Amino acid sequence: MHIKRKAMMILSVMSSVTLLASCASKPAEPPAYDASKKLHIAAWVAPPPEYISSESYRVMSESGIRVAYGLYEDVDVNALKALDYAHEHGMQYMVRSRGIGSLPEDELELMEGMFDQVVDHPAFAGVLVRDEPGAGEFDRLGALYRKFKELYPDKLFYVNLFPTYSSLDQRHGRTYKEYIDEYIEKVATPYISYDHYPLVKNVSGTDIREDYLLNLEIVSQAAKKAGIPFWVFIQSIGYWTAGTENRIPEEADIRWQVYNSLAFGAQGIQYFTYWTPENDNLTQFSDAMIDRAGNKTPLYDAVRNVNEEIARFESLYLHYNHVGVQTYPTEGAPGHLYIEHRLESFAPIAGVKSEHPVVIGAFEDDDGHAAFILVNYTDPAKNLTNKVSVSLSQKYELLQYDRHGETRLPKTKTYEVELAPGEGKFVALLK
């Protein structure tokens, strides 16, 4: 009997040790999040009228684009066809309306019934009202939006704003910050959308616009203050206009723009463009994701690959609140790394060393779980890899998402990576 009790005690101790070992080895889990949250992934220039078909929208949907922005169709039979095919392939469609954009403030009643043909269609996302208005238009646009919201409360009234490199005349005399703040105050849509195309060519070769990060920062901070999301356009085409050549992007360029946008807290990724637009007297375009004859170009696969990449972590990313952005190096930094309100400290990160410039977007949820986005901020066309070492304030397990998929890394106080040209990584810190 004594021997039996002793054996049972030994078995009990062994079971306890096994249980403790099992608990100790159990990996940490990311915070609970709403998996239904998705980024607004859209594209300007849907298939034009002669190419509106089920096949065209199947191909568009397979690229990871969720909302098509019409350009050549208005509220007409072509838009109705586009809505049907968009719905068939799980997409939404934004109808262009030249009529609403030109309505004067004293004739708002003309908006009534304007969208009766499409308002009940399940793929109807909203209306493209105005692209790049000056601030002098904001009072009228605000009046239009209030009327639109009254008539179509669950539809999007879409306005897209100028970038920082627009002129004072284009913004009607406002500084860029004044322009953004005045839009929020007077038009007050529940989002901000803007475009900035940073990939350029000059006499010395390729370059990135010096005000690219500053533009992201200004809009990000204004959106945060207003409690609304912001959406940004990604340059997915080359074009030539007076005095400027924007180079044809490659996959690394697409990835670089998307991760920089996410590092500043963007909740919408919009591509300019999906279909190749027609040239005009001012602008000549290279082929976009789809050429004018309806054929895929290398940019199609580039965008699809990046969309598939961010889809793996978008719901987790959207769970966090954006805290701010750090840039490295902090001394002797090149001009294109400039932002006005660099985040001086982020508790989980004790220090950063890198061969070349990096951008770090800092995130935290309501329960104190942290995450960051790390981006190789060298011009992707320069083809520079970037060795980066991030010192952490304590040991964390890391949940890393990048172009290779999801990777769980064991507890460490040092996160060391080699970033390929244009590469970004989303990293959740698990205690």
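The values are calculated or read from the model by the stated rules, or taken from the named source; none is laboratory data. Here the structure is a predicted model, which is why all the values come from computation and not from measurement. Don't worry about glycine lacking a Cβ; one is built from the backbone with ideal geometry, like all the others, and counts go over all protein chains shown. For accessibility, only protein heavy atoms count, side chains too; no ligands or nucleic acids. Shrake-Rupley method; radii C 1.70, N 1.55, O 1.52, S 1.80 Å.
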Quiz item: When you look at Ala252, is it in a loop (DSSP other than H, G, I, E, B) and hydrophobic (A, V, I, L, M, F, W, C), yes or no?
Solution: no
Quiz item: Would the range 195-214 turn up any residue that is out of contact with any helix residue (DSSP H, G or I) (no Cβ under 8 Å at 6 or more places or on another chain) and under 24 Å from Asp402 (Cβ atoms)?
Solution: no
Self-check item: Residue check for Thr327: open to solvent by less than 60 Å² (accessible area, probe 1.4 Å), hydroxyl-bearing (Ser, Thr, Tyr), in contact (Cβ under 8 Å) with a residue 12 or more places away in the chain and touching a helix residue (DSSP H, G or I) at 6+ places or on another chain (Cβ under 8 Å)
Solution: yes
Quiz item: What is the one condition in (1) hydrophobic (A, V, I, L, M, F, W, C); (2) farther than 20 Å from Tyr197 by Cβ; (3) open to solvent by less than 10 Å² (accessible area, probe 1.4 Å) that Leu318 does not satisfy?
Solution: (3)
Quiz item: Restricting attention to the range 275-315, and to residues there that are touching a strand residue (DSSP E or B) at 6+ places or on another chain (Cβ under 7 Å) and open to solvent by 70 Å² or more (accessible area, probe 1.4 Å), which single residue is nearest to Pro47 (Cα to Cα)?
Solution: Lys296
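Hey, which of the strands (runs of 3 or more DSSP E) in the range 336-431, taking only ones fully inside, have at least 1 residues that are open to solvent by 10 Å² or more (accessible area, probe 1.4 Å), within 20 Å of Asn307 (Cα to Cα) and in contact with a Phe, Trp or Tyr (Cβ under 9 Å, 6 or more places away or on another chain)?
Qualifying strands (runs of 3 or more DSSP E): 386-402, 405-419, 424-430.
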Practice problem: Among the residues of the range 74-108, write down those that are outside any loop (DSSP other than H, G, I, E, B), closer than 29 Å to Ala311 by Cβ and open to solvent by less than 30 Å² (accessible area, probe 1.4 Å). | Solution: Ala79, Ala82, Leu83, Ala86, Tyr93, Met94, Val95
Exercise. Can you confirm whether the range 168-186 contains a residue that is surrounded by fewer than 17 Cβ atoms within 10 Å (Cβ to Cβ), small (Gly, Ala, Ser) and more than 27 Å from Val359 (Cβ to Cβ)?
Key: yes
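Return a yes/no flag: does the range 122-145 have any residue that is outside any loop (DSSP other than H, G, I, E, B), modelled with pLDDT under 95 and open to solvent by 50 Å² or more (accessible area, probe 1.4 Å).
Here is the first cut: in the range 122-145, the residues outside any loop (DSSP other than H, G, I, E, B) are 124-131, 135-145.
Filter once more, so that each one left must be modelled with pLDDT under 95: none.
No: zero hits.
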Self-check item: Tally, over the range 40-73, of residues that are open to solvent by less than 30 Å² (accessible area, probe 1.4 Å), assigned to a helix (DSSP H, G or I) and of a type in the set (S, T, N, Q)
Solution: 1
Quiz item: How about the range 109-149: which of its residues are out of contact with any Phe, Trp or Tyr (no Cβ under 7 Å at 6 or more places or on another chain), over 23 Å from Thr164 (Cα atoms) and of a type in the set (A, V, I, L, M, F, W, C)?
Solution: Leu110, Met114, Ala143, Leu144
Quiz item: Does the range 192-204 include one or more residues that are part of a helix (DSSP H, G or I) and either touching a Pro at 6+ places or on another chain (Cβ under 9 Å) or farther than 22 Å from Trp256 by Cβ (or both)?
Solution: no
